[in-house]
Each structure stands twice: as C-alpha cells, then as structure tokens.
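To keep things clear, I will list the structure first and then write my remarks on it.
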Amino acid sequence: MQPLKQLAIRNRILGALPDEEFGRIAPHLNAVTFEKDEIIYLSEAPIEYVYLIESGLVSLLSTTETGSTIEIAMLGKEGVVGLPVILKNRIIPYEVRVRFRSEALKIKAEIFQEEFDKGQVLHEFVLRYLNVLITQISQSSICNRFHTIEATLSRWLLTVQDQINSNTLYLTQQVISQALGVPRTGITVAAGALQTAGAIRYSRGKIVILDRMRLESRSCECYRIMRGELDHFLNE
C-alpha cells in the first residue's frame, strides 16, 4: 500500500502514522466528499463508519428537546468523526454537520476500533486528539457562558479561518447564531462592532477578515488555549 502513502494524505493523524501501521489501514480507506450543510450523523444514530477529515470544516452540535442548537466543537483536517467507537460506544451522542464542503477518508467503525485496540501509534495519536477535543468542548462552554458575544464571535471566526485557510467566510447570521447559541440580534451587534473596529467586513451571508491581528485582540484567551492544544497534539 506504499503508493497510497505517497499521496498527499492531509488528515494529520493518518499522515503521521508509520508506514507499517498506515499500510494496515490503507486498504480499508475510501474517499468521500460532503457538501455544505450535509449531515454526516444525526444524534443517537449508530456509528457505521469513522471519518478522518481531510479538508473543510465539520461541526458537532448538541440539540435541545425544543430544537435549539449549540456547537460543542469544530473539526478540520486533524479531526476524527465517530470517536465514541474507541470507548466501545456505537451510538453517536451529537449531530455532525458539514459547515464547509469537506473531504474525508472513511473506514468501517469495527476496523478502526480493532486498529486502535492494538495499542500502537494510532492509539496514542487518537488519545491525544481526544484531549484536544475535550479541551475545545470545555473551553467553548466557558467562552459561551462568561465572555461577551463579540469576544466569542471573534474566537469562533478565527477558528473557522484557521481550518479553511481563507479570509472570506460564507456564513449566514442563522448559522453563526445556532453555532454560538445566541440570538441573531446579538450576532448582528457583535459583527457590527468588529466591522467598525476594522477587523472584518460584514455583509449578508459573507464575512471578510480584514485584520487578523485586530480580530485576535478582540477575542478572548479561549482562542489561544484551543489553538495551542491543536498545534501541539502531534508533537513529541
């Protein structure tokens, strides 16, 4: 399976595996593409496949009985969808929705679990990524509860930009409102303040990041904490 290894594997976990370990997984990987707003998993759905994200952006969403949603984490090319399988749980507890067109490599859940259970490099990397995910979930909870909407929006926009590598973000107020769990009016006011400050240019369904440093200054410490964990999770 060496030829497959020589391709541009973009998922950070797969790309960092030793050749021997990757070679065992490679025959079971299949490329898939998800369009914007496509749902990969509904909450409480059985996990048939694990998806290793190669590009784009995917959101994990928690939904109340009344239909309100909030984003608990975002996954990019470092990410794995379907992690409950490593805990022997084959039911996913949250909705997984595509924010931006995404590419992924999928593998049957039982095969991924078997490889994880071998306790080798994949096992270590997935546990490190699980720590990144836990940090993101806990820090997002703190941010959404204690920080201003402007700071939270700044943190969220910076994270999105990091993942899709573009200054132009096609996002509606409704999407941002659902992700952050705040009213659309709050998003309008916060986006307006960031625009007045010269950090972004905001129009219907489109945000352009004009000054990243200024946007970072408007964010809270949550962005730096999350980014730090993400940057270092595969380092020695």
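In this entry, residue 47 passes the filter for residues that are farther than 30 Å from residue 187 by Cβ, touching a residue at least 60 places away in the same chain (Cβ under 8 Å) and among the hydrophobic types (A, V, I, L, M, F, W, C).
With respect to the conditions (1) more than 22 Å from residue 34 (Cα to Cα); (2) in contact with a Ser or Thr (Cβ under 7 Å, 6 or more places away or on another chain), residue 114 falls short on a single one, namely (2).
How many of the residues making up segment 76-95 are open to solvent by less than 10 Å² (accessible area, probe 1.4 Å), under 14 Å from residue 48 (Cα atoms) and either in contact (Cβ under 8 Å) with a residue 60 or more places away in the chain or not hydrophobic (A, V, I, L, M, F, W, C) (or both)? So the count comes out to 2. When 98, 58 are checked against the criterion of being open to solvent by less than 30 Å² (accessible area, probe 1.4 Å), within 24 Å of residue 234 (Cα to Cα) and touching a strand residue (DSSP E or B) at 6+ places or on another chain (Cβ under 8 Å), a single residue qualifies: 58. The conditions of being open to solvent by 30 Å² or more (accessible area, probe 1.4 Å), of a type in the set (A, V, I, L, M) and free of Cβ contacts under 8 Å to residues at least 60 places away in the same chain are not met by residue 153. The C-beta contact set for segment 167-189 (first residue in contact (Cβ under 8 Å) with a residue 60 or more places away in the chain, second residue part of a helix (DSSP H, G or I) and open to solvent by less than 20 Å² (accessible area, probe 1.4 Å), distance under 6 angstrom, 6+ apart or interchain) comprises 180/152.
Candidates in segment 61-74 are the residues that are part of a strand (DSSP E or B) and in contact (Cβ under 8 Å) with a residue 40 or more places away in the chain; of these, the one that is most open to solvent (accessible area, probe 1.4 Å) is 70. For segment 153-193, taking the residues that are charged (D, E, K, R) and under 22 Å from residue 217 (Cα atoms), the one that is modelled with the highest pLDDT is identified as 155.
Conditions tested, residue by residue: (1) among the acidic types (Asp, Glu); (2) farther than 14 Å from residue 100 by Cβ; (3) open to solvent by less than 20 Å² (accessible area, probe 1.4 Å).
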{"site": "131", "(1), (2), (3)": "no, yes, no"}
{"site": "141", "(1), (2), (3)": "no, yes, no"}
{"site": "144", "(1), (2), (3)": "no, yes, no"}
{"site": "164", "(1), (2), (3)": "no, no, no"}
{"site": "177", "(1), (2), (3)": "no, yes, yes"}
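The values are calculated or read from the model by the stated rules, or taken from the named source; none is laboratory data. What you see is a predicted model; the values in this text were computed from it and never measured. Heads up, the Cβs are rebuilt from the backbone with ideal geometry, glycines too, and the neighbour counts pull from every protein chain shown. Protein only, heavy atoms only, side chains kept; ligands, DNA and RNA dropped before computing areas. Shrake-Rupley method; radii C 1.70, N 1.55, O 1.52, S 1.80 Å.
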